[in-house]
Amino acid sequence: MRKVWVGATLAVGSVLAFVMVLVVGVYVVAGNLVNGVGGGAAKALAKGSVPAAYQQLVSTWGNLCPAINPALLAAQLYQESGFNPKAQSHAAAQGIAQFIPGTWATHGIDGDGDGDRDVWDPKDAIPSAAKYDCTLASYVKDVGGNLTENMLASYNAGAYAVIKYGGVPPYEETQNYVKRIRALEESFAAPVGRVDPSEQAAGAIAYAQKKLGTLYLWGGNGTAEQGGRFDCSGLTKAAYESVGITLPRVANDQYNAGPHPKREELLPGDLVFFSDDLTNSRAIRHVGIYVGGGYMIDAPRPGAVIRFDPIDTPDYFGATRVTEDGAKALPTTV
């Protein structure tokens, strides 16, 4: 939550052939930052990663200063509230940006120019979050190292600690926070080039293949009590858990577990997502594991079994290349 530091501190055979050529070369990870530079406009938002109602706000205010960019601002909002404008924490943090009252009183702005500052209104809260980030960045602009990471550390531990230690302070909580937001930033950014294949992807596919023919179960996690049955996101979660990566339980959160390759850049092991609203990742309703050749393994619906299905349908939303850092960065509750 917002911290106050001033004052209070088609066949199955053809499909399987693609699995055998899973890792083919190394791609360039998009959006690497140069040390000492924030990021700015270079990190545009990935398709649908921010709900349509907030996309323009995040895109515009995410370029307020060099320390932030739209993907970083989106990552913070997702971490804070899951884009829920009505979110309220046990510590009285409020709204989509989870400002506590004292911080809002000092840093809240009238983002939409309607004459009030409403912490529950994303048109005020999102601009205020960007402005607060930039204010923190101004406090630590003369500290060595990466400006964005120093800003994030100030957000978590206070600018005084960043100044005292000449960069991100040696606090485990703060270092983990900075790493988490930078990893989430990649999941909200539109890649500007190819992205690295996942080393665990082949193992995840192998797990899912062993489940072919298993009857679907809504809410199924594959437990003995459930007869080893799964729903769609239960299958993908279990598949990646088998190779040491823990994903969230629901599909729309799994979308944020890494960067998003384009359709023509898909590799086996990528998660592929489907939605009735192609502008909003929070509306995703189905997920499968891509195996190549335009097919995925998925648990489609009640009454069906885990099987191969084509991905090129009108409700295809996009894909995620799961990374360990991306999965670890996801909040436990959103």
Quiz prompt | Number of positions in region 127-145 that are open to solvent by 20 Å² or more (accessible area, probe 1.4 Å) and more than 27 Å from Asp114 (Cβ to Cβ) | solution = 6
Practice problem: Quick one: count up the residues across region 49-66 that are within 15 Å of the chain's Cα centre (by Cα) and over 20 Å from Asp110 (Cβ atoms). | Solution: 4
Quiz item: Quick one: would you say Val29 is open to solvent by 10 Å² or more (accessible area, probe 1.4 Å), modelled with pLDDT under 95, within 19 Å of the chain's Cα centre (by Cα) and of a type in the set (Val, Ile, Thr)?
Solution: yes
Exercise. Mind listing whichever residues of region 192-215 are more than 19 Å from Ile245 (Cα to Cα) and either surrounded by fewer than 15 Cβ atoms within 10 Å (Cβ to Cβ) or assigned by the TED database to the domain that holds Asp270 (or both)?
Key: Val192, Gly193, Leu212, Gly213, Thr214, Leu215
Exercise. Would you check if Leu10 is at pLDDT 95 or above and open to solvent by 40 Å² or more (accessible area, probe 1.4 Å)?
Key: no
Practice problem: May I ask you to list pairs of residues, at least six apart or on different chains, whose Cβ atoms are under 6 Å apart, with the first in region 170-189 being over 21 Å from Phe83 (Cβ atoms) and the second being among the polar types (S, T, N, Q) and at pLDDT below 95? | Solution: Thr174/Asn156
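Residues checked against (1) among the aliphatic types (A, V, I, L, M); (2) surrounded by fewer than 18 Cβ atoms within 10 Å (Cβ to Cβ); (3) in contact with a strand residue (DSSP E or B) (Cβ under 8 Å, 6 or more places away or on another chain):
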position	(1), (2), (3)
Pro261	no, no, yes
Glu265	no, yes, no
Asp270	no, no, yes
Phe274	no, no, yes
Val287	yes, no, yes
Met296	yes, no, yes
Ala299	yes, no, yes
Ala304	yes, yes, yes
Thr313	no, yes, yes
Self-check item: Residue check, Phe308 surrounded by fewer than 22 Cβ atoms within 10 Å (Cβ to Cβ), modelled with pLDDT of 95 or more and not aliphatic (A, V, I, L, M)
Solution: yes
Practice problem: Looking only at region 292-334, count how many residues are assigned to a strand (DSSP E or B) and within 21 Å of Gly220 (Cβ to Cβ). | Solution: 7
Quiz item: Taking region 67-122, which residues are under 21 Å from the mean Cα position of the chain (by Cα) and either farther than 30 Å from Ala251 by Cβ or of a type in the set (D, E, K, R) (or both)?
Solution: Ala67, Glu80, Lys86
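The values are calculated or read from the model by the stated rules, or taken from the named source; none is laboratory data. Being a predicted model, the structure only gives us computed values, none of them experimental. Positions of Cβ are backbone-derived with ideal geometry, glycine not excepted, and every protein chain shown enters the neighbour counts. SASA here: full protein model, heavy atoms, side chains in, ligands and nucleic acids out. Shrake-Rupley method; radii C 1.70, N 1.55, O 1.52, S 1.80 Å.
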